[in-house]
1. Every residue in region A:345-365 that is crowded, with 24+ Cβ neighbours inside 10 Å and without any contact (Cβ under 8 Å) to a residue 60 or more places away in the chain, please.
2. Please verify whether A:Leu32 is touching a Phe, Trp or Tyr at 6+ places or on another chain (Cβ under 9 Å), more than 10 Å from every other protein chain (Cβ to nearest Cβ) and of a type outside the set (Asp, Glu), treating the condition exactly as stated.
3. Quick one: A:Val476 ticks every box in (1) assigned to a helix (DSSP H, G or I); (2) free of Cβ contacts under 8 Å to residues at least 40 places away in the same chain bar one, so which box is it?
4. Any residue in region A:103-113 that is buried (at least 21 other Cβ atoms within 10 Å of the Cβ) and facing another protein chain (nearest Cβ under 10 Å)?
5. Does A:Ala87 meet the test of being of a type in the set (Gly, Ala, Ser), under 23 Å from A:Met140 (Cβ atoms), free of Cβ contacts under 8 Å to residues at least 40 places away in the same chain and crowded, with 20+ Cβ neighbours inside 10 Å?
6. Considering only residues that are out of contact with any Gly (no Cβ under 8 Å at 6 or more places or on another chain) and assigned to a strand (DSSP E or B), which ones fall in region B:45-59?
7. Just wondering, is there one or more residues in region A:389-405 that are touching a helix residue (DSSP H, G or I) at 6+ places or on another chain (Cβ under 9 Å), assigned to a helix (DSSP H, G or I) and farther than 26 Å from A:Gly145 by Cβ?
8. Against the condition within 30 Å of B:Gly77 (Cβ to Cβ), within 13 Å of chain B (Cβ to nearest Cβ), buried (at least 23 other Cβ atoms within 10 Å of the Cβ) and touching a residue at least 60 places away in the same chain (Cβ under 8 Å), how does A:Leu246 come out, does it pass?
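The values are calculated or read from the model by the stated rules, or taken from the named source; none is laboratory data. This structure is a prediction, so every number in the text was calculated from the model and none was measured. When we count neighbours, we look across all protein chains shown, and the Cβ atoms used for this are built from the backbone with ideal geometry, even at glycine.
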Amino acid sequence: MLLRPTNEDFKIIVHYIGRLIVGLGIILVVPLITALVFNEWDRALDFSISMLLAIFFGLLLQKIFPATRDLNWSQGLAVTSISWLVAMLLGAVPLMLSGHYASYLDACFDAMSGFATTGLTLIQNLDHVAHSVNMWRHLMMFLGGQGIVVIALTFLVKGTAGAYRMYVGEAREERILPNVIQTARFIWLISLVYLVIGTVILGLIGFFEGLPLVRSFLHGSWVFMAAFDTGGFAPQSQNILYYHSLPYELATMVFMILGTLNFGLQYVVWHGNFRELFKNIETRTLFSSITIISLMTTLCLLSTYPYLMANFRKGFYHIVSAHSGTGFMTIYAPQFASEWNLPALLMTIIAMGLGGSACSTAGGIKALRIGIFFKALLQDIKIIMSPGSAIVVQKFHHIKDIILEDRLVRSALIIFISYLATYLAGALVGVAYGYPLAEASFESVSAAANVGLSAGLTSPTMPAGLKITYIIEMWVGRLEFMSIFILFGLVFARLTGARGKSH
Amino acid sequence: MFCFLLLGNCAAAAAVSSNDLIAKAHIYDGRTIEFTGEVVGDVMIRGDFAWLNINDGAQAIGVWTNKQAAEKISYVGDYTHIGDTVKVAGQFHRACPQHGGDLDIHATEILISKQGHKVKHTVNNYKFAMTVILLLAIVAVSVWSPIKKPK
């Protein structure tokens, strides 16, 4: 029986959303400083307005809805799912004010794409965008990749059980360290250390490839944020093709792969356990899948790119980009449909759909779940081949040895089916708007798996209904469904549930 | 209109838009074409050559040219500049064998048809007023204590 949530339940949810909004407002100081440094005064006002607006609403919500209790499970998950929508609405304000968007819906699309680390974009005239706006676009990816709630946990929320519930809502079940606040801080430590290293590497490559010093390091930091957070935005309209540089492509490929690795795995590797990289079911599955799909795509593209280097820089690069959920491109979006054959497109769709590692910045179904399915299949085969009285225990290694239980397979299967349903639903909406099935499927999987590769559908002129569909796909795909199911469950329980204390 | 000849006389070639070049790349592959647009981003010098990215309003296309020609570009398009408008004649590649399969143009002639310029961005006074109002609103909400109903 569902218990009807009380007004007090909703007050607590709104109170915590208020706290997260204030956190988001404070972060807007980064693009504001960028605008001031580069004398972009009008953009500085845009970011001031957005920052103050967020702080005002955040404080107001906390004053009107004071909370004295900690969050329960459903409240924690609801806070997370709603916070991502609120972040989209507020993150879109400076984008809209910049004058580079045809409508507020387009700005919301890019804000969700940024936070969800997707990379599909509706921005116009990107080649004339201010540095501060580019900083905000890429910072959204950096924040969203680590998780908006993870930021709040690091700086704003004390170590409570409710904090863990919000953390789980952001598709992060693993506690790398015993305390969730320590886990959040470790995720940020890793990310910031990599940010410094990545910026220096890409900055130097950019400089030696002909970019002026300041721009090379600005581009380096932005492209690193988009690569490590498997985002896919870039500061120029040609995406990574702009640089015409093999070293740049190789470096971004390494950062994309780094970003798609599980933070839990990174923790043990940082502590010297390099063998884990080879033993872990998730890395084994991920690298096997990348290898198989890349080889097949290379074969499919032999007629499109007859030269080995061209095949590597176009075929392999885009498969790594797709599988890691990044969405960096070195070809133009329409070329997918006009030059890549159907089998190559299918390989790319599969790579996008499978995605990277759990507890990373990547989207999609995740390699860990695919690995679990294979282990479950292996277990079933063993059971059939064993004597009736035999008890078959299947184990897999993910940081530690884990016994494969039915509940693990069941939860992986629920998420797997949810992703497939979302991919299919988005594709059907695209087809209903008159787009060809292959392109509609490509774009839908790209949105829901938070990849960002485009076959050319995503543009400011596409129907508003399709923009909203992709926004929803990016949102549910990033949060991996459960917190959104809980949110709808709360609304349903409010309408139909029995009276009683839900806390 | 400012006109500067960089490499020689622009030969007669088919003028093509970026959208056409991308959509019909197989048709134009290996052919001499003419492409016009604004130089955006950076002039990236690579040894005796350079990359320019030229945007015709729809898409930007990479143009591989010699260093001397690239150095004549005065303005590149960014937030504070409108870049030089150039007319490029050269060989179009759908998947350039020299440049890792990039879709690009190897320029034989570049003509600056319009020089770029600085762009002045003015501060919007309404935005300034809005900032002040929001600051005051934050102060107000900070000192405000909601009245609690007696239980």
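1. Matches in region A:345-365: A:Met347 only.
2. Working: touching a Phe, Trp or Tyr at 6+ places or on another chain (Cβ under 9 Å): yes; more than 10 Å from every other protein chain (Cβ to nearest Cβ): yes; of a type outside the set (Asp, Glu): yes.
Yes: the conditions hold for A:Leu32.
3. That leaves (2) as the condition not met.
4. Residues of region A:103-113 buried (at least 21 other Cβ atoms within 10 Å of the Cβ): A:106-113.
If we keep only those that are facing another protein chain (nearest Cβ under 10 Å) too, we end up with none.
No, there is no match, as no residue in region A:103-113 is buried (at least 21 other Cβ atoms within 10 Å of the Cβ) and facing another protein chain (nearest Cβ under 10 Å).
5. Working: of a type in the set (Gly, Ala, Ser): yes; under 23 Å from A:Met140 (Cβ atoms): yes; free of Cβ contacts under 8 Å to residues at least 40 places away in the same chain: no; crowded, with 20+ Cβ neighbours inside 10 Å: yes.
When the stated conditions are applied, A:Ala87 does not pass them.
6. From region B:45-59, those out of contact with any Gly (no Cβ under 8 Å at 6 or more places or on another chain) are B:47-49, B:58-59; that's our starting set.
The one that is out of contact with any Gly (no Cβ under 8 Å at 6 or more places or on another chain) and assigned to a strand (DSSP E or B): B:Phe49.
7. no
8. On the way: within 30 Å of B:Gly77 (Cβ to Cβ): yes; within 13 Å of chain B (Cβ to nearest Cβ): yes; buried (at least 23 other Cβ atoms within 10 Å of the Cβ): no; touching a residue at least 60 places away in the same chain (Cβ under 8 Å): yes.
Spelling it out, it is not the case that A:Leu246 is within 30 Å of B:Gly77 (Cβ to Cβ), within 13 Å of chain B (Cβ to nearest Cβ), buried (at least 23 other Cβ atoms within 10 Å of the Cβ) and touching a residue at least 60 places away in the same chain (Cβ under 8 Å).
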